[in-house]
1. Which condition breaks for residue 352 when tested against (1) surrounded by 22 or more Cβ atoms within 10 Å (Cβ to Cβ); (2) over 22 Å from residue 420 (Cα atoms)?
2. Taking residue 166, is it out of contact with any helix residue (DSSP H, G or I) (no Cβ under 9 Å at 6 or more places or on another chain), over 30 Å from residue 318 (Cα atoms) and surrounded by fewer than 20 Cβ atoms within 10 Å (Cβ to Cβ)?
3. Working only within region 121-164, note down all residues that are touching a strand residue (DSSP E or B) at 6+ places or on another chain (Cβ under 8 Å) and within 15 Å of residue 23 (Cα to Cα).
4. Within region 130-137, does at least one residue satisfy the condition of being more than 24 Å from the chain's Cα centre (by Cα), modelled with pLDDT of 90 or more and surrounded by 23 or more Cβ atoms within 10 Å (Cβ to Cβ)?
5. If residue 309 satisfies all but one of (1) in contact with a helix residue (DSSP H, G or I) (Cβ under 7 Å, 6 or more places away or on another chain); (2) surrounded by fewer than 23 Cβ atoms within 10 Å (Cβ to Cβ); (3) more than 28 Å from residue 391 (Cβ to Cβ), what's the number of the condition it fails?
6. Looking at (1) modelled with pLDDT under 90; (2) closer than 24 Å to residue 345 by Cβ; (3) surrounded by fewer than 17 Cβ atoms within 10 Å (Cβ to Cβ), can you tell me which one residue 317 breaks?
7. Filtering region 365-382 down to residues that are in contact with a helix residue (DSSP H, G or I) (Cβ under 6 Å, 6 or more places away or on another chain) and assigned to a loop (DSSP other than H, G, I, E, B), which residue is surrounded by the fewest Cβ atoms within 10 Å (Cβ to Cβ)?
8. Would you mind telling me which numbered condition in (1) under 18 Å from residue 14 (Cα atoms); (2) in contact (Cβ under 8 Å) with a residue 12 or more places away in the chain residue 151 fails?
């Protein structure tokens with residue numbers, strides 16, 4: 001149940017319907033509340049409001065006739081639905097442009113943009129507000145009724161929508177610029193590092209303690225298979241540790257968030273003293289959340305891949321924009337520098353007694369994240385001196401933040417692979433420049449450690 005709630009929350013955050021529907025509902029409730037206020041004639045009894053209205057010369061604010069109120073509400077409602085359609089069209093054009101220039105993987109980032117969601121919601125909510133108020137305006141001879149406060153609120157909402165429209169045009173023009181997109185994805189990547197790896201770096205990693213009653217082998221092995229096909233979006237590790245403790249077993253995960261699984265394939269293995277029944281297997285399945293697309297909830301490499309894709313497209317012959325690739329490398333290096341100072345998963349989780357109950361498949365390491373960030377860009381940057389120099393410079397900077405020999409060795413391997421790219425450069429001066437940059441990075445990595 002918790003996994004489904006997490007998946008629903010993530011899907012609503014990246015949807016264009018949630019906030020518009022919520023704001024439209026609030027607009028309808030606001031209209032009903034103001035109509036009740038008008039029906040109570042409370043405003044007419046407030047002498048202070050009447051005096052202020054006369055002093056400001058806006059007596060018409062509470063004195064529109066029925067025909068004038070209908071005309072105003074009809075005009076506002078028609079304008080709002082037209083603007084909403086225009087905003088939706090602009091949004092689709094922006095999404096298409098982003099998909100073509102920066103990669104379809106970034107569509108999710110644009111759909112998660114709160115400014116676009118709230119702008120659509122404002123226009124549709126104002127339309128719904130006017131429609132509700134318009135339904136209670138009547139000018140019958142018996143008992144005419146003009147909800148003056150509601151009509152005034154509709155006018156205020158219309159003026160507010162005009163301001164939102166100006167903001168939206170500016171926001172869209174700004175949001176489709178490559179540097180802005182890279183900055184947004186980079187900020188999401190930094191937030192993911194903070195959330196997934198909150199603890200500071202510690203060199204006291206411990207090996208799994210498998211001194212539990214079940215043995216990692218023999219007949220006491222239960223296979224858990226995927227109930228559906230899709231991407232693993234989230235795994236409730238705490239629930240799996242709790243289950244393994246209760247069942248006195250060890251759960252070995254065969255998949256990690258971001259993996260695509262086919263229905264019926266193995267996602268976990270349970271080692272215990274005796275074979276577990278099907279109900280136990282269902283509890284393990286419930287800890288997995290599947291979906292049609294990858295999400296960055298527990299999948300750090302998903303966000304890395306977004307920046308990598310922008311850099312790869314920028315380095316392609318059709319676009320040839322190494323400056324954009326440099327910006328992506330800067331953001332990736334910033335995130336990796338943050339990762340270097342944090343405690344990464346050990347690959348296993350223990351119970352309260354310190355006994356290993358869960359073994360995680362392919363946990364993130366500094367090397368795996370570094371390779372995911374730099375390997376694809378390096379393979380595309382053979383003919384781009386700018387990109388190669390930027391990667392060498394980034395490694396030299398990361399050398400100052402590396403914690404431990406393992407991280408330094410990973411950076412050293414990358415520097416060596418970048419140096420071998422000098423063979424792809426035709427000009428001797430370019431080769432010498434890249435060679436010098438790589439030597440600088442390697443010298444920094446071979447310097448005495450501050451650990």
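1. (1)
2. In short, yes.
3. None; the set is empty.
4. Yes: region 130-137 contains one or more residues that are more than 24 Å from the chain's Cα centre (by Cα), modelled with pLDDT of 90 or more and surrounded by 23 or more Cβ atoms within 10 Å (Cβ to Cβ).
5. In the conditions (1) in contact with a helix residue (DSSP H, G or I) (Cβ under 7 Å, 6 or more places away or on another chain); (2) surrounded by fewer than 23 Cβ atoms within 10 Å (Cβ to Cβ); (3) more than 28 Å from residue 391 (Cβ to Cβ), residue 309 misses (3) alone.
6. For residue 317, the exception is condition (2).
7. 382
8. If we test residue 151 against (1) under 18 Å from residue 14 (Cα atoms); (2) in contact (Cβ under 8 Å) with a residue 12 or more places away in the chain, just (1) comes out false.
The values are calculated or read from the model by the stated rules, or taken from the named source; none is laboratory data. The structure displayed is predicted, hence computed values, not measured ones. For neighbour counting, all protein chains shown are included, and Cβ atoms are generated from backbone atoms with ideal geometry for every residue, glycine included.
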